[in-house]
Each structure stands twice: as C-alpha cells, then as structure tokens.
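Every read-out reported here was derived from the displayed coordinates using simple, explicitly stated rules and does not represent laboratory data. Quick caveat: nothing in here was measured; it's all calculated off a predicted structure. Glycine also receives a Cβ, built like all others from the backbone with ideal geometry; neighbour counts cover every protein chain displayed.
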Amino acid sequence: MSEPLAPQRPLPTLDGLNGEFHRHCAAGRLMFQRCRDCGAYQHPPRMQCPACGGSVLDWVPSSGRGRVFTWTVTHQALHPAFADELPYAVVVTELEEGVRLVSGLRELAPDALALDLPVEVVLERVNDEVVLPYVRPLRET
Ligand SMILES: [Zn+2]
C-alpha cells in the first residue's frame with residue numbers, strides 16, 4: 001500500500017487579467033496596471049480605471065516596497081495543504097504606488113507584525129508556471 005499523496009495547495013488561476021499579473025510574477029517582475037489617462041495604479045487588475053473610467057492600462061513595474069496595512073493570523077488550516085505552516089499570517093500591504101496586495105509573510109513571525117511596518121515583496125516559485133508574491137521586512141541596502 002502506498003503513502004497517501006500530500007494535499008496540493010490551491011493555486012491562482014492563470015487566465016484573464018489575473019493570469020497576466022501572475023505571468024509577470026513568473027518572469028520575476030512585480031507589475032501593476034497604471035491608467036494612461038490619469039496615472040492611477042490599480043490592483044487587482046481590471047479592464048477599466050476605477051478613478052477616471054479610462055480603458056488604456058499599462059503594466060508598469062512596482063518598487064516592491066510598502067508598509068503593512070493590516071493582517072490576520074490563521075490558527076486553523078482551512079485547507080489541509082496549509083496545516084504544516086500554522087499559525088501563518090495573511091498580510092495586506094500598501095505599496096508605494098498606492099495599491100494594496102494580499103500575500104503571505106516570510107522571514108518574520110506573525111506575532112512580530114506591526115501596522116506600518118516597512119516590507120518588501122519577494123517572489124517565490126511554486127512550480128513551472130506559478131510564482132507567488134510574499135512580503136518580508138524591508139532590508140536596508
Ligand atoms: Zn484613470
């Protein structure tokens with residue numbers, strides 16, 4: 001009798017605009033949409049600018065730096081694939097461009113999180129197609 005397979009993590013779908021965001025991540029680039037008409041950034045990606053209604057949106061690189069806006073700490077696995085990581089934090093980061101990104105946390109214990117903590121995005125490869133953004137405390141260079 002063989003061992004049961006480890007549960008697979010749910011991964012983002014790679015179609016549509018969400019797929020475009022993740023293809024940039026897979027290429028090692030954190031990119032957000034910016035409206036060509038008014039310059040507003042937006043995330044998650046959409047077909048139209050929520051600020052002015054403009055429909056010409058360019059993908060532009062992000063600094064990857066921001067501050068912790070809010071977070072939650074999960075103590076019960078809502079999916080068996082995450083059971084080994086408990087407790088883990090899901091963080092909302094406000095990036096320098098003004099958009100907010102929901103991600104996991106790296107290189108910091110969840111109980112050390114603080115509002116406005118400076119963080120930076122790190123891209124972490126999951127498989128051949130998917131690279132996920134996480135945040136970690138900002139490293140001064
Ligand atoms: Zn706009």
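If N is the number of residues in the stretch 47-135, what value comes out of its Cα radius of gyration divided by 2.2 N^0.38 Å?
With N residues counted in the stretch 47-135, Rg over 2.2 N^0.38 Å equals 1.25.
Give the angle, between 0 and 90 degrees and rounded to the nearest 10, that separates the Cα long axis of helix 16-26 from the longest principal axis of the Cα atoms of the chain.
The angle comes out at about 70 degrees.
Place a point 7 Å from Cα of LEU5 in the direction of its Cβ. Which residues in the stretch 48-84 have their backbone N less than 19 Å from it?
79-84
For the chain, with the dipole built from +1 on Lys and Arg beta-carbon atoms and -1 on Asp and Glu ones, taken about the Cα centre, which of HIS79, PRO7, PRO44 lies farthest toward the positive end?
Final value for the positive-end residue is PRO44.
Do any cysteines of the chain lack a neighbour Cys whose Cβ is under 4.7 Å away, and which are they?
CYS25 - these cysteines have no disulfide-compatible partner (Cβ-Cβ under 4.7 Å) in the chain.
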